[in-house]
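Here's the structure we're looking at; comments come further down.
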Amino acid sequence: MQNVTPVALAALALELAPAVTFGCTGERVIRAVQRWPVALRLSLPALLVVPYAMVSLSAHIFEWTGFALYALLPVAIAALLMRAAESDPDQRGDWHDAFILLVLGLAVDLRWFESAWPIGLRALNELLLVDAGLYGFLAIRQLSGTGFNFCMKWSDWRTGLRELVFFAPAVIVLGLALGFIHPHRNLPGIGSAILRWILIFFFTAVREELFFRAWVQNLLERRVGRRAALLTASVVFGLSHFNKRLGANVHFNWQYVLLATIAGIFYGRAWRENRRVPASTITHTTVDWLWGLWF
């Protein structure tokens with residue numbers, strides 16, 4: 001991120017804390033939250049507004065509308081998912097889940113709230129929305145089978161890299177045939193390459209795999225079955241890339257959508273084998289990493 005200041009770093013740390021907490025000690029946190037009074041459970045995510053307040057005040061762009069948005073939206077998500085937990089105890093997914101996923105997905109993809117943040121720090125908007133979703137779906141909804149866990153296993157690497165091997169040849173050939181990818185040489189030092197992989201893992205791949213696999217594909221499986229859920233989630237993942245890497249006169253990047261949809265199939269396969277977000281995140285991260293290095 002650009003414009004990195006001590007305040008921005010503190011805000012980043014605050015936004016990473018919920019993900020790290022759920023990823024490392026999720027079950028204990030969920031059990032603890034369930035013992036709290038309902039009013040506390042629903043009001044706690046309002047604290048997610050703190051990073052926005054810190055950054056916007058330091059950058060002199062604070063607005064009460066932005067403050068209200070980031071204080072109330074996480075609370076509304078928690079309240080709707082509490083209703084979902086009550087009305088859908090079998091966790092087959094209902095309109096509350098679909099509505100929240102739609103709002104979160106469009107907010108990120110269409111950059112609805114990014115203007116509230118300083119240029120260069122707008123990724124904090126996405127992290128804040130991820131935190132709101134994590135608290136709602138895991139602590140309040142207690143959605144099972146997400147596989148959101150940072151305790152890496154050997155099976156995560158085996159599955160993730162296997163799907164990479166299956167995916168890479170076909171998509172490279174197709175990407176070259178479409179003229180979408182172009183080989184180039186970009187060989188940073190070992191330390192720089194490792195750091196780039198880690199940054200992609202935590203700041204791009206984890207949040208996308210959490211959304212499209214742990215939430216979307218997971219809930220769809222309960223309604224339409226494994227194959228249809230995999231295909232549907234992959235298409236939605238592909239469509240989320242419609243406005244990425246656009247030229248000056250391009251409004252719908254169909255090539256990126258097609259390749260991202262194919263990628264989503266292999267990411268989804270990696271996640272569903274053991275229902276583990278780390279497995280699909282390894283595939284996703286390595287694809288993006290190799291793309292940056294060689295294409």
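Each value in this text was obtained by applying a stated rule to the coordinates, not by laboratory testing. Just so you know, these numbers come straight off a predicted model, no measurement behind them. All Cβ positions, glycine included, derive from the backbone under ideal geometry; neighbour counts span all protein chains shown.
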- Item | For segment 84-92, Karplus couplings with θ = phi - 60° (6.51, -1.76, 1.60), whole Hz, Gly/Pro x | 4, 4, 6, 7, 9, x, 7, 6, 8
- Query: Once label points are set 7 Å from the Cα along Cα→Cβ at both LEU106 and GLU86, what is their separation, rounded to one decimal in nm?
  - Reply: 2.6 nm
- Item | Computed over segment 6-140, the ratio Rg/Rh where both radii use C-alpha atoms and Rh is Kirkwood | 0.97
- Message: With just the Cα atoms defining each centre, how far is segment 78-100 from segment 259-295? Give it in Å.
- Response: 28 Å
- Debye log10 I(q)/I(0) for the chain, one point scatterer per Cα, at q = 0.11, 0.16 Å⁻¹: -0.68, -1.44
- Message: Can you pull out the chymotrypsin sites (Phe, Trp or Tyr not before Pro) in segment 4-113 whose DSSP state is coil and whose Cβ has at most 14 other Cβ atoms within 10 Å?
- Response: TRP112
- Only Lys, Arg, Asp and Glu count, each charged at its Cβ (+1, +1, -1, -1), so figure out the dipole size of segment 139-291 about its Cα centre, rounded to 20 debye. 340 debye
- Most mobile listed residue (ALA270, ALA170, ALA11) in the chain, GNM with C-alpha springs under 10 Å: ALA170
- Task: Could you work out how far apart the two model spin labels at LEU178 and VAL4 are, taking each label as a point 7 Å from the Cα in the direction of the beta carbon, and quote it in nm?
- Result: 3.3 nm
- Message: Full-extension gain between ARG31 and ARG122, please, as 0.36 nm times their residue separation minus the C-alpha to C-alpha distance.
- Response: 29.5 nm
- Item | Set of segment 58-81 residues, backbone N closer than 16 Å to the point 7 Å along the Cα-Cβ line of SER43 | 71-76, 78-79
- Note on the structure: Whole-Hz Karplus couplings 3J(HN,Hα) for segment 113-127, θ = phi - 60° and coefficients 6.51, -1.76, 1.60, Gly and Pro as x, run 10, 4, 5, 6, 10, x, 4, x, 10, 6, 5, 5, 4, 5, 5
- Using a 10 Å Cβ count of at most 13 others and DSSP loop calls, identify the longest part of the chain lacking such trypsin sites (Lys or Arg not before Pro). 186-243
- Task: Between beta-carbons, use under 10 Å as the cut-off and find the net charge around SER115, counting Lys and Arg +1, Asp and Glu -1.
- Result: 0
- Message: So if I place +1 on the C-beta of Lys and Arg and -1 on the C-beta of Asp and Glu, and nothing else carries charge, what would the dipole magnitude of the chain be about its Cα centre? I want it in debye, nearest 20.
- Response: 660 debye
- Query: Just from its helices, what would the mean residue ellipticity at 222 nm be for the chain, if runs of 4 or more DSSP H residues each count -39500 (n - 2.57) and the sum is divided by every residue, rounded to the nearest 500 deg cm²/dmol?
  - Reply: -22000 deg cm²/dmol
- Query: In what sequence do HIS241, HIS60 fall when counting other Cβ within 10 Å, fewest first?
  - Reply: HIS60, HIS241
- Message: Using amide H atoms built in the peptide plane, which far-off residues or other-chain residues are under 5 Å from GLY120 H to H?
- Response: none
- For segment 12-73, listing GluC sites (Glu not before Pro) in a DSSP loop whose Cβ sees at most 15 other Cβ atoms within 10 Å gives GLU63
- Contour minus Cα-Cα span, LEU199 to TRP294, at 0.36 nm per residue, comes to 32.4 nm
- Environment charge at GLU163 (Cβ cut-off 13 Å; Lys +1, Arg +1, Asp -1, Glu -1): +3
